[in-house]
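The values are calculated or read from the model by the stated rules, or taken from the named source; none is laboratory data. Keep in mind it's a predicted model, so treat the numbers as computed, not measured. Neighbour counts run over all protein chains shown; Cβ positions are idealised from the backbone, glycine included. For the accessible areas, the whole protein counts, side chains as well, though only heavy atoms, and no ligand, DNA or RNA atoms are used. Shrake-Rupley method; radii C 1.70, N 1.55, O 1.52, S 1.80 Å.
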Amino acid sequence: MLSLLLFSLVLAACSLHAPAWYGITDEAPPDASTSGGTIDTTAEGPVEPGVTQTDPGEGTFGGSASQGGDSSSSGGTSGDDDKAVPVEVEIFLNSSSPMTEVGAVQVSVWTSRPVASVDIFEDDSPLVLGAAPANPVHVFEVTSDAVPGDGMRTIRAVAHAADGVSGEDTEELLIDVQPGGTDVWSPYVQAGPINGFTSAAMLGNGIGVAGFFETNEGLEAVAMRIDGTKGQPEGASILLGPVAVTGGGRGPAIAAAGDDVAFVAWTQPVAATTRWAWSRVEFGEAKGQTWTGPHETSVNAIAVVDDVLILAGAFEQGPDTHDLWVWWISAETGELLDARSFAAPPAEDQMNVRDEVARGVALVGDEVVVVGERDTKNDDNAPVRRTVVLRHTLDGEPLGEWTSPGELLDEDAGMGITPLRGGGFAVTGWARDKGSIRQILTRWFSAEGEAVAMRIEPTPLSDASGLALGEDREGKIIIAGTRQQPQTDANAWIFAVPGPVGARVWEVIRNGPGQGPDEAAGLALDAWGYAYVAGSEFDALQPRAFALRLYP
């Protein structure tokens, strides 16, 4: 399956990832030995930004220039014999992003002398008319197979000089795109001392990841930055301190606050209990101060709103019993600005023995939305576990709450949340009938917090859970989690769905070399739709961290 193209008009020389522009020039025409071409998705990356490429055989793909004499108008610039000076034109395609060979495929034009504007056509359909002579003149934004456009393209460029002379070139160009769900770069594996990644966030040209590693004194939380171009660590990892619990939905959790700054929150052991902890991480610098919460607290997710941190977790009330809590904290001073709790009302739980825990938090429009799980009772008065959704204003005022009615399966829990560009949000997690295996359940919510759609990924005899999700640029939902396959081994599971209905678009099973609970716990999507996945897997009875970057 080939991924396909969604092309949008770009008139300014801009890119999300430091582009390698190819300029219109009045230098001598390049070697036109390559007529037509294929975008080779396995080729080396493009030239460095700011370097003018003049040989179409080196990183660009184009064809022979046409003289343009047949298109010249009278009254143009004259030479010694009073004839108009023709404009020679040549088309090139090149990939703009140094992060991957496929991302933004640019239409660039070479002319033998300066021109005033350029028109670009596909067959007879205009892509851009009257474009300024800057590069790229047009950009095909490579996404995936949801939008038609892959294959041979007939591109024609017409360049217009200020004196009325014009010239053109037409090329048959094949754009071959990687299929969705395949690796952009070889998966990064950290065999030690980092044992697993549990959260990921976009951080400049790459991702920041939080995880854990094992020491003689126990587990420690760690943060690392992974370069998006090569998929390798960028700088040294930053040790944050002892961590009590780890894994998808349990932390350590990371949230980005800029290209180089992130905040990491984790549950810290203290005495015979735990407490939440967080630290500001500036990659390339020493670890910042660690701030801690009260005893018997835990944190499973973190979000950043301007200079305010939102920690979502729980407050322990007894063995296996918690109240759900959310804390608003100043990122500058560590001051506690507000806190909200959620628990079953005393009329339903006089002894406060029911369990409520927050698993995910996200900024949705101008609201802070927290998802998690709670103990309640079904219609037969039997105890069950159900998803809970809590909505707040940015400064912590409650707006509403929703609890799953368990309309399809007895129990379910929300583990991850993502905002949707069209408004509202989506939540993933798990659902099951009591005593049965878990299956991934994803719900779509309106901007008012109403559940509007849901889907279950049937996994007979395979226990599965969604831990993180995100929406790519085409509206597909990417879900990362874990699945038993075979029943004695749990593997990381990453897949894309078109929406509440429809077959999965692609899926990836990450099976570690050893038997153990492999999981894809962290997910981050960039503006191009590429999915960064971080997690942990087992090798020789020891966990190891991994990170992937997948085509949309």
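Accessible area per residue for the range 422-552 in Å², computed with a 1.4 Å probe and the full protein assembly in place, what is it? Don't skip to the end; give the middle numbers.
Values: 4400 Å² over 131 residues.
Result: 34 Å² per residue.
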Whole Å is fine, so just give me how far the alpha carbon centre of the range 483-498 lies from that of the range 330-375. 30
Please say if the range 166-296 is rounded, prolate or oblate, where rounded means a/c under 1.5 for a ≥ b ≥ c the square roots of the C-alpha gyration tensor eigenvalues, and otherwise the choice is prolate for a/b larger than b/c and oblate otherwise? prolate
At 1.4 Å probe size, with every protein chain present, just tell me what the per residue accessible area of the range 287-395 comes to in Å². 44
Tell me the label-point distance for the pair residue 407, residue 434, using the 7 Å Cα-to-Cβ offset, in nm and rounded to one decimal. 2.2
Radius 9 Å from Cβ of residue 426, net charge of other residues (Lys, Arg +1; Asp, Glu -1): 0
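Residue 493: net charge of surrounding residues, Cβ under 13 Å, Lys/Arg +1, Asp/Glu -1, itself excluded? Intermediate values should be presented prior to the final figure.
On the way: positive: 438, 483, 504, 510; negative: 457, 463, 489, 507, 518, 519, 537.
Local net charge: -3.
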Förster radius 56 Å - calculated FRET efficiency between residue 542 and residue 129, Cβ distance, rounded to 0.05: 0.40
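For the range 194-242, what is the accessible area per residue in Å² when the probe is 1.4 Å? Could you put the intermediate results ahead of the total?
Values: 1730 Å² over 49 residues.
Per-residue accessible area for the range 194-242 comes out at 35 Å².
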With the 8 Å Cα cutoff and a minimum separation of six or more residues, the range 235-364 has a relative contact order in percent of 19
About the Cα centre, and with charges only on the beta carbon of Lys, Arg (+1) and Asp, Glu (-1), how big is the dipole of the range 164-287? Nearest 20 debye, please. 1060
The lysines whose Cα lies under 29 Å from the Cα of residue 434, excluding any fewer than 8 residues away in the same chain, are 377
Heads up, the range 455-542 by the C-alpha gyration tensor (a ≥ b ≥ c square roots of eigenvalues; a/c under 1.5 rounded, else a/b over b/c prolate, else oblate) looks oblate
Order 319-329, 468-478, 194-204 from most to least packed using the mean count of other Cβ atoms within 10 Å. 194-204, 468-478, 319-329
Given a 1.4 angstrom probe, I'd like the percentage of the accessible area of the range 230-383 that is carbon and sulfur, rounded to a whole number. 47
Checked against the positive end of the charge dipole of the range 448-522 (+1 on Cβ of Lys and Arg, -1 on Cβ of Asp and Glu, about the Cα centre), the farthest of 513, 467, 496 is 513
